[in-house]
Amino acid sequence: MTPQTITLAKGLNHGLRAAMEHDPKVIVMGEDVGKLGGVFRITDGLQKDFGEQRVLDTPLGESGIIGTAVGLALRGYRPVCEIQFDGFVFPAFDQIVTQLARFHYRSQGKLRMPVVVRVPYGGGIGAVEHHSESPESYFAHTPGLKVVSCANAVDAYWMIQQAIACDDPVIFFEPKRRYWEKASLDVAVAPPPLLRSRLVRPGGPAAVATVVAYGPMVRTVLDAAAVAEQDGTQLEVIDLRTLSPLDLAPVFDSVRRTGRLICVSEAPGEASLIGDLAARVSQECFYSLEAPVLRVTGFDTPYPPAKCEEDYLPDLDRILDAVDQVLRY
Amino acid sequence: MTRIFALPDVGEGLTEAEILRWHVAPGDTVTLNQIIVEIETAKAAVELPSPFEGVVSELLAEPGATVAVGSPLIAIDTGDADLEPAAAGVIGEEGPGGRITTLVGYGPRTATMTRRPRKPTPAVPAAEDRGSVPLAKPPVRKLAKELGIDLSTVLGSGTGGVITREDVRHAAAAVPAGNGAGSVAPAAPEAGQRREPVRGVRKATAAAVVSSAFTAPHVTMFLTADVTPMMQLRARLAQQPEFRDVKLTPLTFAARALCLAVRRTPEVNASWDETTGEIVYFDYVHLGIAAATPRGLVVPKIRNAERVPLRELAVALEELAAAARDGRTAPGDMLGGTITITNIGVFGIDTGTPILNPGESAILALGAIRERPWVVGGAVVPRQVCQLALSVDHRVVDGQQGSRFLTDIGALLSDPALALTF
């Protein structure tokens, strides 16, 4: 099959379709995922082709969506729940943290929870309150959940299928402002495993700093690295892909070569998962660190109104300022 | 100009609505936010305000009709000459204002980001107050540890008194000179004699060979090898474009052969640790190269030499030799070796009994390569012949392992193609 250029949204759509074709136990459920095909059209056409029994328009109640999915999983189904927007996941937080994350542990390993919770997250689309948040650290902090985030169309296509095939609950964060970014997908090329981070821009022997990002920030960091290269500064970029468990071997390897690390995330920096990453790098790569590990994050405020969001989101300039800063030590 | 007001998605994810009642008719003047129409959606009945000011020119949907989100509802003549096109894009496509049209929000920007003018770099962050802990970043601490330097005795030359790599290297270079000049007054030289204080490299060499010779029981073994094939390979490689600018010496081949042979006999790449009563085996080869310099004998290292291909090895040897000659070898580059090679052949010597570098378990001496009579297939022919001598620490390496290691090196130099089998 020849490679096709598709958007991240289409990658998810094709991935969901492939998973549903592969396993009749896969069920898609959520608000407006059926007839409308989702507000971002991620589930477009699925109800038409797989029917209302497998693609369900649920009532507006996220707690109920996840509670229902837990029950379905106990009966052998593999539900894929869409939470329409990041800020709407909080009504479901109780079900996710107290039930979904715990059944496997509570049943001493006898019961599995093959549930995927899809969450479009992050800002940059000029939306209203509750529509631009980055709640991934809450979930990464919870034992029993796997948390991943795709950053491009190719990963979107494969990771959603791998998440559905996973017997553990996976919170699947989708960078909504990257939904329309395109990449060339060759389905004949075998994908990397779900829970691996990846060096997406090697810096070679000249690399002076490593920049780690995930989800929506990967594109921003790659753009920053391209600009830095014009300034004569080589950066290595790692896409984490998996947020819990973290796969840090590639990060350690890179930091041992570059001696400097910058972690980038849209979420507020306080008590965030990249803070934990920074601590672990300090422990594992202590003698390699030429500068303190820096974080470039959203601010410790609620996500601002749309007109101010470009001041809130980490951008090219804030990343390159951090590069300047680590190089001064 | 006439502006079109299209049916918005008044609740997230609505696809259509039914027109219940128009509050305005063509010709009416409407103000901003004046209620113009009532619609019924799947969620509720809603009154829609006008986003424009002006005169209604046309109603585009009949009461009772079901209208899809995005379809035009009403045309209003706003009376201005604004040329901005009506903002009703296709979802997922680029719309007005350089943004992708979305159902919710203004949509993400499509333009790539550009950099703002760079901020002037603020001064180097001031180091925190000097408590009882010396100020140095982790790699400098590591260097100090390797060189045996106590950081609390080093004065930092960096901003805010931060100790730099250079500070540590200077401190390390000062140690041997400082310690030697001691309490004993120098003796007066007698006639026909010259006395020189023992210091610097001489002093370090003396300490090293004494400690090695009288702690590690040395065993030296010899092998004479016909290295003609290696010399032929060398001549052939010298013709290759990639080797054109490289000085390919017999030492390069010997170093490469040594690294290959270590794989089969890892015991020689090890260290006797007296304090813990253990033998430390290394996965890597930090290869020491004994180099004669105007200042005396130094043994700089090639780190992870086992991973260095022949060409790069040749380049590294050349650089190492140049640095040693110029006295540029950093103290840190002389530490942490795991095995050593000494090229006594350059002095025209056939062979010798090398003394181990302290802490290592093997040292290879490469003798001069000379044309000698050699028996090949029953006939005496002139061949390029070289003597190899290997000293090992008998506490770590037995004769059998040492012999295998030495014969492996000899075999690789006599028949470089054997490298394929290692």
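The values are calculated or read from the model by the stated rules, or taken from the named source; none is laboratory data. Every value quoted in this text rests on a predicted model; they were computed, and no experiment measured them. Cβ: placed from backbone, ideal geometry, glycine included. Neighbour counts: every protein chain shown.
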**Message:** Among the residues in the range B:88-95, are any crowded, with 16+ Cβ neighbours inside 10 Å, within 14 Å of chain A (Cβ to nearest Cβ), free of Cβ contacts under 8 Å to residues at least 24 places away in the same chain and closer than 30 Å to A:Ala322 by Cα?
**Reply:** no
**Asked** Which one of the conditions (1) assigned to a loop (DSSP other than H, G, I, E, B); (2) at pLDDT below 90 does B:Val24 fail to meet, given that it meets all the rest?
**Response** (2)
**Request:** Looking only at the range A:227-238, decide whether some residue is closer than 26 Å to A:Pro169 by Cα and either within 14 Å of another protein chain (Cβ to nearest Cβ) or part of a loop (DSSP other than H, G, I, E, B) (or both).
**Result:** no
**Request:** Could you list, in sequence order, all residues of the range B:337-365 that are within 29 Å of the chain's Cα centre (by Cα) and more than 12 Å from B:Ala216 (Cβ to Cβ)?
**Result:** B:Gly337, B:Thr338, B:Ile339, B:Thr340, B:Ile341, B:Thr342
**Item:** Qualifying positions in the range A:192-222 - crowded, with 18+ Cβ neighbours inside 10 Å, among the charged types (D, E, K, R) and farther than 23 Å from A:Leu289 by Cα
**Value:** A:Arg219
**Fill in**
Every listed condition ((1) surrounded by fewer than 24 Cβ atoms within 10 Å (Cβ to Cβ); (2) within 14 Å of another protein chain (Cβ to nearest Cβ); (3) within 18 Å of A:Gly215 (Cβ to Cβ)) holds for A:Tyr138 save (2)
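With the requirement that a residue be within 17 Å of the chain's Cα centre (by Cα) and surrounded by fewer than 18 Cβ atoms within 10 Å (Cβ to Cβ), what does the range B:282-308 give you? Before the answer, list the steps.
To start, the set of residues in the range B:282-308 that are within 17 Å of the chain's Cα centre (by Cα) comprises B:284, B:286, B:302-308.
B:Tyr284, B:Arg303, B:Asn304, B:Arg307 - these are the residues of the range B:282-308 that are within 17 Å of the chain's Cα centre (by Cα) and surrounded by fewer than 18 Cβ atoms within 10 Å (Cβ to Cβ).
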**Request:** Looking at (1) surrounded by fewer than 22 Cβ atoms within 10 Å (Cβ to Cβ); (2) assigned to a helix (DSSP H, G or I); (3) within 12 Å of chain B (Cβ to nearest Cβ); (4) among the hydrophobic types (A, V, I, L, M, F, W, C), find the lone condition where A:Val255 falls short.
**Result:** (1)
**Prompt:** List the pairs whose first member sits in the range B:217-230 and is under 17 Å from B:Asn357 (Cα atoms), whose second member is among the acidic types (Asp, Glu) and assigned to a strand (DSSP E or B), and whose Cβ atoms are under 8 Å apart, counting only residues at least 6 apart or on separate chains?
**Reply:** B:Pro217/B:Asp393; B:His218/B:Asp393
**Request:** Look through the range A:25-45, keep the residues that are aliphatic (A, V, I, L, M), closer than 21 Å to B:Tyr106 by Cα and within 21 Å of the chain's Cα centre (by Cα), and return whichever of them is surrounded by the fewest Cβ atoms within 10 Å (Cβ to Cβ).
**Result:** A:Val39
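Filter the range B:1-21 for residues that are of a type outside the set (A, V, I, L, M, F, W, C) and not in a strand (DSSP E or B) and give the result. Lay out the reasoning, then the answer.
Narrowing the range B:1-21 to residues of a type outside the set (A, V, I, L, M, F, W, C): B:2-3, B:8-9, B:11-13, B:15-16, B:18, B:21.
Result: B:Pro8, B:Asp9, B:Gly11, B:Glu12, B:Gly13, B:Thr15.
Given the criteria buried (at least 24 other Cβ atoms within 10 Å of the Cβ), under 26 Å from A:Lys35 (Cβ atoms) and more than 14 Å from every other protein chain (Cβ to nearest Cβ), does A:Val147 qualify?
Answer is no for this residue.
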**Asked** Pick from the range A:74-127 the residues that are of a type in the set (Phe, Trp, Tyr) and closer than 28 Å to B:Gly105 by Cβ: which of them is surrounded by the most Cβ atoms within 10 Å (Cβ to Cβ)?
**Response** A:Tyr121
**Request:** Scan the range B:132-171 for residues that are modelled with pLDDT of 90 or more, of a type outside the set (D, E, K, R), crowded, with 18+ Cβ neighbours inside 10 Å and within 21 Å of A:Ser282 (Cβ to Cβ) and jot them down.
**Result:** B:Ala136, B:Val140, B:Leu143, B:Ala144, B:Ile163
**First in the range B:26-46 and within 16 Å of B:Gly64 (Cβ to Cβ), second anywhere and loosely packed, with under 14 Cβ neighbours inside 10 Å and among the charged types (D, E, K, R), Cβ under 6 Å, 6 or more apart** = B:Glu38/B:Arg21; B:Glu38/B:Glu47
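Quick check on A:Thr43: is it within 21 Å of A:Gln162 (Cα to Cα), polar (S, T, N, Q) and within 14 Å of chain B (Cβ to nearest Cβ)? Talk me through it step by step, then tell me what you get.
Details: within 21 Å of A:Gln162 (Cα to Cα): yes; polar (S, T, N, Q): yes; within 14 Å of chain B (Cβ to nearest Cβ): yes.
Yes, satisfied.
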**Test: residue in the range A:151-171 that is within 14 Å of chain B (Cβ to nearest Cβ), in contact with a strand residue (DSSP E or B) (Cβ under 9 Å, 6 or more places away or on another chain) and small (Gly, Ala, Ser)** = yes
**Request:** Could you identify the single residue in B:Ala191, B:Ala174, B:Ala185, B:Ala206 that is more than 14 Å from chain A (Cβ to nearest Cβ), part of a helix (DSSP H, G or I), out of contact with any Asp or Glu (no Cβ under 6 Å at 6 or more places or on another chain) and modelled with pLDDT under 80?
**Result:** B:Ala174
**Request:** Quick one: in the range A:93-135, of everything that is within 18 Å of A:Glu31 (Cβ to Cβ) and among the β-branched types (Val, Ile, Thr), which residue is nearest to the other protein chains (Cβ to nearest Cβ)?
**Result:** A:Ile125
**Request:** Read through the list (1) away from chain A (no Cβ under 14 Å); (2) surrounded by fewer than 16 Cβ atoms within 10 Å (Cβ to Cβ), then give the number of the only condition that B:Gly98 fails.
**Result:** (1)
**Item:** Subset of the range A:240-262 [among the β-branched types (Val, Ile, Thr) and under 22 Å from the mean Cα position of the chain (by Cα)]
**Value:** A:Thr242, A:Val251, A:Ile262
**Asked** Does at least one position in the range B:41-60 carry a residue that is more than 12 Å from chain A (Cβ to nearest Cβ), touching a strand residue (DSSP E or B) at 6+ places or on another chain (Cβ under 6 Å), of a type in the set (S, T, N, Q) and closer than 30 Å to A:Lys10 by Cα?
**Response** yes
